[in-house]
């Protein structure tokens, strides 16, 4: 699993990212005769980057890393699809909900250490959720990266696995919940609700399956709205 750089290496990576975005913006503005409203860097494979640029209209232009406008519509479609899937991922991996999982996990662990398997699963769930949170808030997530999708899926798989272990280990408590301390009962309920709201009840890869098809259809519209360049080419 690839890790984001830290410290000075992260600063360097961000400077390079900004430089790439500025270059792509300049190419798009010069090609279309007006500046784009925004753009997204898309990484389809390590080092294979393109830039989807949006204009008023709506209209779109795709620029490759060499600073050339991409005319192949199938390539633009792939770039647009990845950009749209990434937007769905950003919505699915909600920062506030992940913070709530960590907070409610801490509340349970502060109240009990038994049964030990349940508490270990809660702690591990929180640990993996915090790793997802760090991934999500990294400034490098400005790039829609197919490589990083695999990283996120792996992180999410670990969190869902530990949450399932919690559910199994907490069954003895559920059977005798009438005898539990009210504060602990409330804390356990809050942790379960937070975990489900954060999407730990199902695999992220499965939830995104439908989004890929919808993104492909929306990418068709983006391809159809490509900027017509001087000379009639797209």
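The values are calculated or read from the model by the stated rules, or taken from the named source; none is laboratory data. What you see is a predicted model, and the numbers here were worked out from it, not measured in a lab. In this analysis, Cβ positions are derived from the backbone assuming ideal geometry, glycine residues included, and neighbour counts consider all displayed protein chains.
Residues are listed down the side, and each one gets a yes or a no for (1) closer than 30 Å to residue 82 by Cβ; (2) surrounded by fewer than 14 Cβ atoms within 10 Å (Cβ to Cβ); (3) not assigned by TED's automatic domain parsing to the domain that holds residue 86:
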residue: 120; (1), (2), (3): no, no, yes
residue: 127; (1), (2), (3): yes, no, yes
residue: 130; (1), (2), (3): yes, no, yes
residue: 147; (1), (2), (3): yes, no, yes
residue: 155; (1), (2), (3): yes, no, yes
residue: 161; (1), (2), (3): yes, no, yes
residue: 181; (1), (2), (3): no, yes, yes
residue: 186; (1), (2), (3): no, no, yes
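If you scan segment 132-145, which residues turn out to be closer than 30 Å to residue 185 by Cα and surrounded by 17 or more Cβ atoms within 10 Å (Cβ to Cβ)? Of everything in segment 132-145, those that are closer than 30 Å to residue 185 by Cα and surrounded by 17 or more Cβ atoms within 10 Å (Cβ to Cβ) turn out to be 132, 133.
If the condition is being under 24 Å from residue 13 (Cα atoms), part of a loop (DSSP other than H, G, I, E, B) and modelled with pLDDT under 95, then segment 29-59 contributes 46, 47. Just one of the numbered conditions (1) farther than 16 Å from residue 218 by Cβ; (2) modelled with pLDDT of 95 or more; (3) assigned to a strand (DSSP E or B) is not true of residue 62: (1).
A residue that is outside the structural domain of residue 188 (by TED's automatic domain parsing), in contact (Cβ under 8 Å) with a residue 12 or more places away in the chain, part of a loop (DSSP other than H, G, I, E, B) and touching a helix residue (DSSP H, G or I) at 6+ places or on another chain (Cβ under 8 Å) occurs nowhere in segment 74-84.
Checked against (1) crowded, with 17+ Cβ neighbours inside 10 Å; (2) at pLDDT below 95, residue 113 meets all criteria but (1). Screening residue 66 with (1) under 22 Å from residue 45 (Cα atoms); (2) surrounded by 14 or more Cβ atoms within 10 Å (Cβ to Cβ); (3) not assigned by TED's automatic domain parsing to the domain that holds residue 193 gives one miss only, at (2).
Among the residues examined, residue 58 does not qualify as crowded, with 21+ Cβ neighbours inside 10 Å, in the same structural domain as residue 219 (by TED's automatic domain parsing) and farther than 18 Å from residue 139 by Cβ. Taken together, 108, 101, 93 contain a single residue that is surrounded by 18 or more Cβ atoms within 10 Å (Cβ to Cβ), more than 23 Å from residue 221 (Cβ to Cβ) and modelled with pLDDT under 95, which is 93.
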